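I have placed the structure first, in the form of structure tokens, so that the comments after it can refer back to it.
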Amino acid sequence: MVINMKKCFSLLLAIILCFTFGGVALEANANQKTMVSPNWTNTTSVNTNLSFSGGKGTCGAYVIGKSGTTQITGTVVLTRKNSNGTYTAIKTWSGLQATGSMLTFDETYYVATGYTYRLTMTATVYLSGIGETVSSYFEAYAS
């Protein structure tokens with residue numbers, strides 16, 4: 001009888017702990033931004049970054065292909081967010097190319113302050129003759 005009581009108590013305690021810590025974990029995750037990582041075939045990572053110092057924008061991006069990547073092509077577009085939530089293209093850098101497994105982009109571009117801007121990198125990563133298109137963007141406010 002004592003053994004059964006200990007088992008019941010242990011089981012009840014385990015269930016309470018699961019609900020208690022499970023609730024804390026869910027609450028903590030609700031306050032954190034979670035990044036979903038896609039499962040690409042040819043691509044290891046895509047990263048885009050945009051920052052401003054006054055009206056001077058520093059635009060950067062890179063794409064890394066998996067081992068065996070032969071070529072990466074890409075386009076980078078800087079857009080401005082309008083008051084109605086749509087975006088207007090401000091500058092496009094097209095025809096970007098790299099032989100091998102890494103394409104990098106680094107440019108400076110001057111913009112009007114008081115707007116939110118989005119930098120988008122779209123690239124095609126070629127591995128074993130097959131192209132895979134990937135994309136990434138980053139938004140920043142120019143104050």
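Of all residues in region 98-124, exactly one satisfies the criterion of being among the hydroxyl-bearing types (Ser, Thr, Tyr), more than 20 Å from the chain's Cα centre (by Cα) and more than 20 Å from Gly57 (Cβ to Cβ), namely Thr99.
Exactly one residue out of Val134, Val111 is in contact with a Lys or Arg (Cβ under 9 Å, 6 or more places away or on another chain) and either crowded, with 17+ Cβ neighbours inside 10 Å or of a type in the set (Val, Ile, Thr) (or both): that is Val111.
Would you say Thr73 is over 13 Å from Leu119 (Cα atoms) and part of a strand (DSSP E or B)? Yes: the conditions hold for Thr73. When you look at Gly95, is it loosely packed, with under 15 Cβ neighbours inside 10 Å, touching a residue at least 40 places away in the same chain (Cβ under 8 Å), in the same structural domain as Glu132 (by TED's automatic domain parsing) and more than 19 Å from the chain's Cα centre (by Cα), yes or no? So Gly95 does not fit the description; no. When Leu127 is tested against (1) surrounded by fewer than 17 Cβ atoms within 10 Å (Cβ to Cβ); (2) over 21 Å from the mean Cα position of the chain (by Cα), exactly one condition is not met: (1). Can you say whether Tyr117 is under 22 Å from Thr43 (Cα atoms) and part of a strand (DSSP E or B), as far as the supplied structure shows? When the stated conditions are applied, Tyr117 does not pass them.
Selection within region 76-114: residues that are in a loop (DSSP other than H, G, I, E, B) and not small (Gly, Ala, Ser). The member of this set that is nearest to Leu50 (Cα to Cα) is Val111. Just one of the listed residues (Thr88, Thr58, Thr75) is at pLDDT 95 or above, under 25 Å from Phe138 (Cα atoms) and surrounded by fewer than 11 Cβ atoms within 10 Å (Cβ to Cβ), namely Thr88.
The values are calculated or read from the model by the stated rules, or taken from the named source; none is laboratory data. No experiment lies behind these values; they were computed from the predicted model shown. Counting neighbours? That spans all protein chains shown, and the Cβs are built from the backbone with ideal geometry, glycine included.
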